[in-house]
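Student: Sharing a structure here in structure tokens format.
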Amino acid sequence: MLIAPTVKAIVFTDWDGTVTLQDSNDFMTDNIGFGEKRRRELNIEVLQGRWTFRDAFRDMLDSVHKPFPECIEYLKENIQLDPGFADFYKWAKEAGIPVVVVSSGMKPIIHALLVKLVGQDAANNIEIVANDVKVNDDGSWAIVYRDESGFGHDKSRAIKPYAELPKEERPMLFYAGDGVSDLSAARETDLLFAKAGRDLITYCEREGLPYTVFHTYTDIHDKVKAIVNGEITLESAIENENIEAL
């Protein structure tokens, strides 16, 4: 079901490494899975188009053998919130701007971290569009992908229904992300926020996609608020528009 088209804007956001400081799936893989070296090798394979994200991500998660309930507790003990997100969420709620988490991670983990890091109100009000997980009686588990795509969850599908609305009904669409799981959403937005120093910027530069760099969610908060309030235009907020000319 679409969010009511009367809203002025919607902020779609990746979760891991964007709303949080650490990527929970990378954190598990690096510390209780096959390690950072192999994970980074797979990320490069995905960026170069030799592996699908779907296959690389499943390989990562299959290397983690801790029971799923223990994984959630492990992440709750170690994952930290971006220092600007709580204030951004509070402003967005007051301004009537929906925030939608669009993640290639697993919904039960995201929900548990939202409750722990932001609070039950945020967990109740922020829609989570993500993969699921199948947990067996012995605690072993496997990711259940949201769709059949090479991403496992094609994030662009969450944004396209809004992008295709008639102009008079269409809200402004923002997206914030940091990594290879955000590639499918990168083209489906009015303003893309890409985290400094992360793989999404590499992809945007290679493909000539416009983007605006953010370091913390405070940067996103300031830009979105200024646009929604009419202080600046969407076009003026794009910092890296003519990549090929740089």
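The values are calculated or read from the model by the stated rules, or taken from the named source; none is laboratory data. Remember, it's a predicted structure, so these values are computed and weren't measured experimentally. Here the Cβ is made from the backbone with ideal geometry for all residues, glycine too, and neighbour counts use every protein chain on show. Heavy atoms of the whole protein, side chains included, go into the accessibility calculation; ligands, DNA and RNA do not. Shrake-Rupley method; radii C 1.70, N 1.55, O 1.52, S 1.80 Å.
Student: I need to check one value: relative contact order of the chain, counting alpha carbon pairs closer than 8 Å and at least 6 residues apart, in percent. Walk me through the numbers on the way to the answer.
Tutor: Working: 412 pairs, mean separation 54.7, N = 246.
Over the chain, the number comes to 22 percent.
Student: So, with +1 on the Cβ of K and R and -1 on the Cβ of D and E, and no other charges, what is the size of the charge dipole of the chain about its Cα centre, to the nearest 20 debye?
Tutor: On the way: 27 positive and 42 negative charges, 46 e Å.
Result for the chain is approximately 220 debye, rounded to the nearest 20.
Student: Once amide H atoms are built 1.01 Å from N in the peptide plane, which residues 5 or more positions from I232, or in another chain, come under 5 Å H to H?
Tutor: Here the answer is I227, since their amide H atoms fall under 5 Å of that of I232.
Student: Let me ask another. Only helical DSSP H runs with n ≥ 4 go in: add -39500 (n - 2.57) per run for the chain, normalise by residue count and round the 222 nm mean residue ellipticity to 500 deg cm²/dmol. Don't jump to the answer; show the numbers that get you there.
Tutor: On the way: 11 runs with 103 residues, N = 246.
The helix contribution divided over the chain gives -12000 deg cm²/dmol.
Student: Past 25 Å, Cα to Cα, is the threshold; run K66/K155; K195/K223; K93/K116 against it and keep the listed order.
Tutor: K66/K155
Student: Is the shape of segment 145-185 best called rounded, prolate or oblate, per the rule: a/c under 1.5 gives rounded, else a/b larger than b/c gives prolate, else oblate, with a ≥ b ≥ c the square roots of the Cα gyration tensor eigenvalues? Walk me through the numbers on the way to the answer.
Tutor: Values: a/c = 4.01, a/b = 1.74, b/c = 2.30.
It is oblate, given that a/c is not under 1.5 and a/b is not larger than b/c.
Student: Quick one: with all protein chains in place, what share of the accessible area of segment 1-71 is carbon or sulfur, to the nearest percent (1.4 Å probe)? Working shown, then result.
Tutor: On the way: 1710 of 3330 Å².
Roughly 51 percent, rounded to a whole number.
Student: Another one. Of D137, D87, D23, which has the largest mean-square fluctuation in a 10 Å C-alpha GNM of the chain?
Tutor: Among D137, D87, D23, the largest GNM mean-square fluctuation belongs to D137.
Student: Could you give P(r) for segment 79-176, binned at 10 Å from zero, as whole percent values over all Cα-Cα pairs?
Tutor: Spelled out per bin, shortest first, that is 13, 38, 35, 12, 2, 0.
Student: Would you please name the trypsin sites (Lys or Arg not before Pro) within segment 1-77 that are DSSP coil residues with at most 15 other C-beta atoms within 10 Å of their C-beta?
Tutor: Values: sites: K8, K37, R38, R39, R40, R50, R54, R58, K76; in loops: K8, R50.
For trypsin sites (Lys or Arg not before Pro) across segment 1-77 that sit outside H, G, I, E and B with at most 15 neighbouring Cβ atoms in 10 Å, the list reads K8, R50.
Student: Please express the shape of the chain as an equivalent ellipsoid: the semi-axes are the square roots of 5 times the eigenvalues of the C-alpha gyration tensor, given largest first in whole angstrom. Let's see the in-between values first.
Tutor: Details: eigenvalues 165, 89, 54 Å².
With the √(5λ) rule applied to the chain, the semi-axes are 29, 21, 16 Å.
Student: Out of Q22, Q80, Q48, any idea which swings most in a Gaussian network model of the chain, alpha carbons joined below 10 Å?
Tutor: Highest fluctuation of the listed residues: Q48.
Student: For segment 191-246, what's the relative contact order in percent, using C-alpha pairs closer than 8 Å and at least 6 residues apart?
Tutor: About 41 percent, as a whole number.
Student: As an exercise, find the ratio Rg/Rh for segment 195-236 from alpha-carbon atoms, using the Kirkwood inverse-distance average for Rh. Could the numbers behind the result be given before it?
Tutor: On the way: Rg = 11.8 Å, Rh = 11.4 Å.
So for segment 195-236, dividing Rg by the Kirkwood Rh gives 1.04.
Student: By DSSP, what percent of the beta bridges with both residues in segment 106-246 are antiparallel, rounded to the nearest 5?
Tutor: 40
Student: While we're on this one: Report the residue, chosen from P161, P171, P108, that carries the largest GNM mean-square fluctuation when the chain is represented by alpha-carbon nodes joined by springs under 10 Å.
Tutor: The residue with the greatest mean-square fluctuation here is P161.
Student: Let me check against my output: what whole-number percent is the relative contact order of segment 60-142, with C-alpha pairs under 8 Å and at least 6 apart?
Tutor: Working: 79 pairs, mean separation 32.1, N = 83.
So the answer I get is 39 percent.
Student: Taking just the alpha-carbon atoms of segment 1-119, what radius of gyration and Dmax come out, in angstrom?
Tutor: My reading of the Cα-based Rg and Dmax gives 16.1, 47 Å.
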